[in-house]
Amino acid sequence: MGVNDIKEKLYDLNVDMARTNNLIQNGSKRAKNQTQLSEKNKQTLFSFRDWLISRQLSLLRVKKYLLFARTIAQTGDKDLPDYTKADVDLVMSKIRLCGRYKLASINDFATTFKVLFRFIDGLDSGEQSPRTKHLKQKKPQSSLRREDLLTDDDVNKLISAASGLKDGLMYSCLFSVLYETGCRPGEIRGIMLKDVVKNAHGYRINVDGKTGKRVVFAIVSAPMLEKWINAHAFRENPESPLFYYMTKGEARFITNSAFNKTIRILSMHVLGRTITPYLFRHSRLTQYVLKKVPEGVIRKAVGHAPQSRALSTYTHLVDEDVENEMLTISGIEVSQKKVENTFVTKTCPKCSAAISSHEALCSKCGAIVSEIGIITEEMEKEKKMAQLEARLETIEKMFGAIEITPEVMDSMRRKLPAAGMVKQSG
């Protein structure tokens with residue numbers, strides 16, 4: 001069984017296809033006043049399905065084309081093979097003006113029209129149908145604002161809150177890996193155990209995305225990823241999904257709808273606003289741009305094609321340089337703001353164990369991670385006190401004739417707290 005066969009089985013794509021076939025044949029039970037498809041249109045869509053599958057398209061892509069084609073057939077008032085160029089324009093106009101679809105979906109309708117009529121007109125060489133070749137697609141303008149992005153602290157809060165869910169460790173790990181790698185949500189959901197390989201600094205993860213296979217790295221997420229793999233119920237099966245849900249006694253990849261719902265509910269509870277899984281990627285890529293990571297490195301890390309212009313989506317969010325220049329021109333002195341990164345690798349100062357960025361306690365020795373600064377400061381003071389006492393002992397040996405009484409020693413000790421070197425008792 002090949003990788004695609006395994007993924008189709010784990011994604012339950014055959015079940016999805018069965019549902020889609022039933023939707024075309026019988027319509028939706030939940031939708032009211034829906035337009036029923038004619039028998040000719042049903043047959044056209046089923047033949048279109050077979051044509052797509054025979055050309056080695058993924059079942060996810062086949063399902064998407066079928067659902068868009070079904071809506072096209074319901075919107076028009078003719079059988080699909082009888083459409084003229086004017087009919088195509090009329091349906092696209094209705095879809096665009098109905099107010100139910102965003103620009104990205106409208107573009108998908110145009111693409112489906114082109115593919116559908118290549119099939120209907122028997123154009124297998126890539127030539128476009130004269131009925132649809134005039135259709136244009138408009139690039140969506142990003143509505144993302146800098147204020148919408150996630151900060152390191154936001155991500156740490158979500159990771160911490162996720163631990164209270166039913167599958168808390170898994171979701172905490174998923175959020176951490178999703179943010180650190182900047183992967184597309186579908187790429188993360190599609191990881192198998194065999195794709196995760198431990199190395200000296202963390203984990204190498206092989207992901208398969210829209211631009212092909214690549215390797216990403218989990219370093220900050222490594223402690224949590226190790227915990228999740230050790231707790232994984234199917235860790236002995238390398239073909240098992242890394243992140244899964246159970247159905248009929250088998251592990252399946254987490255569905256997109258379940259993932260979105262979990263993120264929506266959790267983010268509203270923790271951040272007071274709803275977010276989508278893609279916001280983790282948008283936020284991470286903006287950080288790369290802010291930190292002036294070379295474009296070539298960013299493209300490889302996040303799976304952008306060499307000719308992709310997607311990075312422009314993020315560069316417009318990084319506007320400090322423009323703002324600072326305008327303030328300087330206006331005679332206002334600009335102080336450089338330093339944003340502290342909190343999504344970073346940490347080490348316990350007591351036992352040297354690796355600690356996840358969100359954790360409050362060291363899981364190995366129990367040290368309070370949120371007070372590591374206090375612990376470190378106390379250790380430094382103790383070190384300075386030991387050095388001072390050693391110097392006093394040396395002085396006593398060198399000047400044996402000079403009596404350093406207990407009262408003198410106590411007097412010196414009382415002066416040390418004022419110098420910030422020791423902690424006063426009581």
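The values are calculated or read from the model by the stated rules, or taken from the named source; none is laboratory data. The shown structure was predicted, so the numbers you read here are calculated from the model rather than taken from an experiment. All Cβ positions, glycine included, derive from the backbone under ideal geometry; neighbour counts span all protein chains shown.
A search for C-beta distances below 7 Å between a residue of the stretch 88-99 that is farther than 12 Å from Phe113 by Cβ and any residue that is assigned to a helix (DSSP H, G or I), counting only pairs 6+ apart in sequence or on different chains, returns Lys94/Thr75; Arg96/Ile106. Within the stretch 230-257, residues that are of a type in the set (Asp, Glu) have Cβ atoms under 6 Å from residues that are not in a strand (DSSP E or B) in these pairs: Glu239/Ile6, counting only partners at least 6 apart in sequence or on another chain. Only one of these conditions is not met by Leu59: (1) free of Cβ contacts under 8 Å to residues at least 12 places away in the same chain; (2) under 17 Å from Thr20 (Cβ atoms). Which number is it? Unmet condition: (1). Taking every residue in the stretch 34-55 that is touching a residue at least 12 places away in the same chain (Cβ under 8 Å) and pairing it with any residue that is charged (D, E, K, R), at least 6 positions away or on another chain, the pairs with Cβ-Cβ distances below 8 Å are Leu37/Arg70; Ser38/Asp79; Lys40/Asp79; Asn41/Asp79; Thr44/Asp79; Leu45/Arg70; Leu52/Arg61. Candidates are the residues of the stretch 226-259 that are among the basic types (Lys, Arg) and closer than 16 Å to Lys198 by Cα; the one that is surrounded by the most Cβ atoms within 10 Å (Cβ to Cβ) is Lys227. Here Lys261 passes the criteria (1) part of a helix (DSSP H, G or I); (2) under 29 Å from Ile355 (Cβ atoms); (3) not hydrophobic (A, V, I, L, M, F, W, C) except the one numbered (2). Among the criteria (1) more than 25 Å from Ala354 (Cβ to Cβ); (2) in a helix (DSSP H, G or I), the one Leu169 does not fulfil is (1).
For the condition on the phi < 0 side of the Ramachandran plot and in contact (Cβ under 8 Å) with a residue 24 or more places away in the chain, Leu123 does not qualify. Taking residues in the stretch 21-32 that are of a type in the set (Ser, Thr, Tyr), and partners anywhere that are at pLDDT below 65 and surrounded by 10 or more Cβ atoms within 10 Å (Cβ to Cβ), the pairs with Cβ atoms closer than 9 Å and at least 6 places apart or on different chains are Ser28/Gln34. Residue under question is Gly296, and the condition is that it be on the phi > 0 side of the Ramachandran plot, surrounded by fewer than 18 Cβ atoms within 10 Å (Cβ to Cβ) and not charged (D, E, K, R); does it hold? When the stated conditions are applied, Gly296 does not pass them. The condition of being of a type in the set (S, T, N, Q), surrounded by 12 or more Cβ atoms within 10 Å (Cβ to Cβ) and under 16 Å from the mean Cα position of the chain (by Cα) holds for only one of Thr262, Thr313, that being Thr262. For the stretch 178-193, indicate whether the set of residues that are part of a helix (DSSP H, G or I) and among the aromatic types (Phe, Trp, Tyr) is non-empty. Within the stretch 178-193, one or more residues are part of a helix (DSSP H, G or I) and among the aromatic types (Phe, Trp, Tyr). Within the stretch 165-212, the set of residues being surrounded by fewer than 21 Cβ atoms within 10 Å (Cβ to Cβ) and of a type in the set (S, T, N, Q) comprises Asn199, Asn206, Thr211.
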